[in-house]
Amino acid sequence: MYIGIDFGSVRMGIAVSDDSNILAVPYGSIGWADADHGWTELHSLIMERQPAGIIVGLPKHLNGTEGAAAEQARDFAHQVEEHFGISAILWDERLTTVEAARLMHMMGISSKKQRTRIDAQAATIMLQSWLDWHQSHTVRR
């Protein structure tokens, strides 16, 4: 089981995988404006789910370069490893928020309701991308 995090300075979207690591589903979001509270909520989630790893979205510009947000995501991933002793894997999250908004619009979810759900949906898209890659690169015996 893996946890996917779409990290943001105010809020982070959370997704989780099923026990077979095939399907990612939205979990919710954790407020990050108060980092102490955010770490407490993340700790509770990790203790509850006992993930094999955390997949942290790495925001890149469309041309593949990294900016300040990517540096913050890298720092966050490093802190996750230090705090919890669990592997934090960085994964490209380009356009996940755009894709999440498009999917939610197609499902008829209003723009107002999208604001409260979009981070978790973006985390789900990012985690599913990693799960698909991981599944295709895992040697089966």
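The values are calculated or read from the model by the stated rules, or taken from the named source; none is laboratory data. Every value quoted in this text rests on a predicted model; they were computed, and no experiment measured them. Here the Cβ is made from the backbone with ideal geometry for all residues, glycine too, and neighbour counts use every protein chain on show.
Which of (1) over 23 Å from residue 134 (Cβ atoms); (2) among the aliphatic types (A, V, I, L, M); (3) outside any strand (DSSP E or B) is the odd one out, the single condition residue 30 does not satisfy?
(3)
Return the pair list, or none, for Cβ contacts closer than 7 Å from residues in the stretch 44-63 that are farther than 19 Å from residue 128 by Cα to residues that are among the small types (Gly, Ala, Ser) and surrounded by fewer than 18 Cβ atoms within 10 Å (Cβ to Cβ), at least 6 apart or on different chains.
Pairs that qualify, where the first residue is farther than 19 Å from residue 128 by Cα and the partner is among the small types (Gly, Ala, Ser) and surrounded by fewer than 18 Cβ atoms within 10 Å (Cβ to Cβ), are 61/67.
Do you know which residues across the stretch 1-20 are closer than 28 Å to residue 137 by Cα and surrounded by fewer than 16 Cβ atoms within 10 Å (Cβ to Cβ)?
1, 18, 19, 20, listed by residue number.
Can you tell me which residue among 8, 31 is within 14 Å of the chain's Cα centre (by Cα) and farther than 18 Å from residue 127 by Cβ?
After ruling out the rest, the residue left standing is 31.
Going through the stretch 71-95 one residue at a time, which ones are assigned to a helix (DSSP H, G or I) and of a type outside the set (Phe, Trp, Tyr)? Walk me through how you get there before you give the answer.
Within the stretch 71-95, the subset assigned to a helix (DSSP H, G or I) is 71-84.
Correct list: 71, 72, 73, 74, 75, 77, 78, 79, 80, 81, 82, 83.
Looking at residue 58 and the list (1) under 13 Å from residue 120 (Cβ atoms); (2) in contact with a helix residue (DSSP H, G or I) (Cβ under 8 Å, 6 or more places away or on another chain), which single condition is not satisfied?
The one condition residue 58 does not meet is (1).
Matching residues to (1) under 13 Å from residue 14 (Cα atoms); (2) surrounded by fewer than 15 Cβ atoms within 10 Å (Cβ to Cβ):
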{"residue": "40", "(1), (2)": "no, yes"}
{"residue": "50", "(1), (2)": "no, yes"}
{"residue": "57", "(1), (2)": "yes, no"}
{"residue": "64", "(1), (2)": "no, yes"}
{"residue": "70", "(1), (2)": "no, no"}
{"residue": "75", "(1), (2)": "no, yes"}
{"residue": "82", "(1), (2)": "no, yes"}
{"residue": "87", "(1), (2)": "no, yes"}
{"residue": "92", "(1), (2)": "no, no"}
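Picking from 25, 16, which residue would you name as being farther than 24 Å from residue 71 by Cβ and in contact with a Phe, Trp or Tyr (Cβ under 7 Å, 6 or more places away or on another chain)?
16
Under 19 Å from residue 38 (Cα atoms), modelled with pLDDT of 75 or more, not basic (Lys, Arg) and not in a helix (DSSP H, G or I): does that describe residue 118?
no
Which residue pairs have Cβ atoms closer than 8 Å, lie 6 or more positions apart in sequence or on different chains, and pair a first residue in the stretch 69-90 that is at negative phi with a second residue that is among the polar types (S, T, N, Q)?
Correct list of pairs: 72/9; 81/87.
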